[in-house]
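Below you'll find the structure, written out as structure tokens, and then a few comments.
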Amino acid sequence: MERRTIGATALDVGAIGLGCMPMSWAYSRSEQRGDRSLRTVHAALDAGVSLLDTADMYGPFTNELLVGRVLKERRSDAFVSTKCGLLVGDGGERRHVVANGRPGYVRRACDASLRRLQTDVIDLYQLHRADPEVPVEETWGAMAELVSAGKVRALGLCAVGARPARRGTDLHEGTIRQLDRIQQVFPVAAVEAELSVWSREALVRLLPWCAARGVGFLAAMPLGNGFLTGTLTPGGGFEPDDPRARHPRFTAEMMAANQPIVAGLRRVAARHGVDVTPAQVALAWVLGLGRHVVPVPGAKRERWAVENARAAGLRLTAEDLAEIAALPAPRGSWD
């Protein structure tokens, strides 16, 4: 698989990563099975994927434990990214999540993640969310100390969640302000934010910000929470704990209205062969946005992880890109 680098630190990763979150958190909890998830991670590594993206809050903690079982056997094959800064409280299917950016907590969280991951160093340690009660420079400074201590190789920031509530505004303005501040404390190696064919907000300022500074970009949800795979049926419903059950683009009405996007991806896929899927086209589109971009699709099954990895070999033509650019804008309840 083609190789890419994360930021000025030149950390080497495969062109496509694996988001491990769905294996232990949120999506379709009834389908989360430990043994199958382990096979999925191994299959991804066998297919050339190296970046494994997790976080201490997923589970909470169980996702890191899962990844740790793989790292114990195959640490040299993997580039591990995990996150700190969010705590999960009780609350049943919709558990309460709060930020904690206190330096002491960051140090303890890192040590706990290292134990669960069964490794002595984290390749990329990301701040999941800044704590509004703690200056982000203090949190970032504590994370930088972890690099000096040899526990972490590089630091990243997850973009503040953005939804187009106000048209005409830059949805990542808050993230860019945070990035400008923490960059003065310690170099940012990577930014993780949602980016896909149906969610292109990061193209406005966030992706250019990264490109101009040699910062890697991890494209989260590059398959549009599964919609761009073409495997979801409008009105099929979701389990109560699945965030798509409350997402404005996953109502039956909006899923039906957005089918032309999937149809366009299918047309492009058909030009490249019967085995090429809409998901692979969606990932190839993200890969084409720059050498510093690494899509990180989630997967719970071996089949999907391997299919996603093969997208690294798909080269879209000018005709393909023009057709994707002309696809209708996605619709949601805010439209």
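Quick check: is even one residue across the range 127-140 closer than 28 Å to L71 by Cα, under 21 Å from the mean Cα position of the chain (by Cα), in a helix (DSSP H, G or I) and at pLDDT 95 or above?
Scanning the range 127-140 turns up at least one residue that is closer than 28 Å to L71 by Cα, under 21 Å from the mean Cα position of the chain (by Cα), in a helix (DSSP H, G or I) and at pLDDT 95 or above.
So which residues in the range 235-250 are at pLDDT below 85 and part of a loop (DSSP other than H, G, I, E, B), if there are any at all?
The answer is G235, G236, G237, E239, P240, D241, D242.
Give me the pairs: first residue in the range 298-322 and under 20 Å from I261 (Cβ atoms), second residue surrounded by fewer than 17 Cβ atoms within 10 Å (Cβ to Cβ) and small (G, A, S), beta-carbon distance under 9 Å, and six or more apart or on different chains, which are they?
Between residues of the range 298-322 that are under 20 Å from I261 (Cβ atoms) and residues that are surrounded by fewer than 17 Cβ atoms within 10 Å (Cβ to Cβ) and small (G, A, S), the close pairs are L316/G288; L321/G288.
Please go through the range 281-296 and pick out each residue that is more than 15 Å from A220 (Cα to Cα) and either in a helix (DSSP H, G or I) or polar (S, T, N, Q) (or both).
Within the range 281-296, just V281 meets the criteria.
Can you confirm whether A263 is under 30 Å from L66 (Cβ atoms), assigned to a helix (DSSP H, G or I) and not charged (D, E, K, R)? Quick ask: steps written out before the conclusion?
Numbers: under 30 Å from L66 (Cβ atoms): no; assigned to a helix (DSSP H, G or I): yes; not charged (D, E, K, R): yes.
The answer is no for A263.
Any residue at all in the range 310-319 that is open to solvent by 10 Å² or more (accessible area, probe 1.4 Å), of a type in the set (G, A, S) and more than 22 Å from the chain's Cα centre (by Cα)?
Yes - at least one qualifying residue is present in the range 310-319.
Got a number for residues in the range 266-280 being farther than 28 Å from A190 by Cα and either outside any loop (DSSP other than H, G, I, E, B) or at pLDDT below 95 (or both)? So that I can check it myself, show each step before the final result.
Let us first name the residues in the range 266-280 that are farther than 28 Å from A190 by Cα, namely 266-277.
Next, only the ones that are either outside any loop (DSSP other than H, G, I, E, B) or at pLDDT below 95 (or both) stay: 266-271.
Number of matching residues: 6.
The values are calculated or read from the model by the stated rules, or taken from the named source; none is laboratory data. Keep in mind that what you see is a predicted model, and the values were worked out from it rather than measured. Every residue, glycine among them, receives a Cβ derived from its backbone with ideal geometry; neighbour counts consider all protein chains shown. Keep in mind that these areas ignore ligands, DNA and RNA; they rest on the heavy atoms of the full protein, side chains included. Shrake-Rupley method; radii C 1.70, N 1.55, O 1.52, S 1.80 Å.
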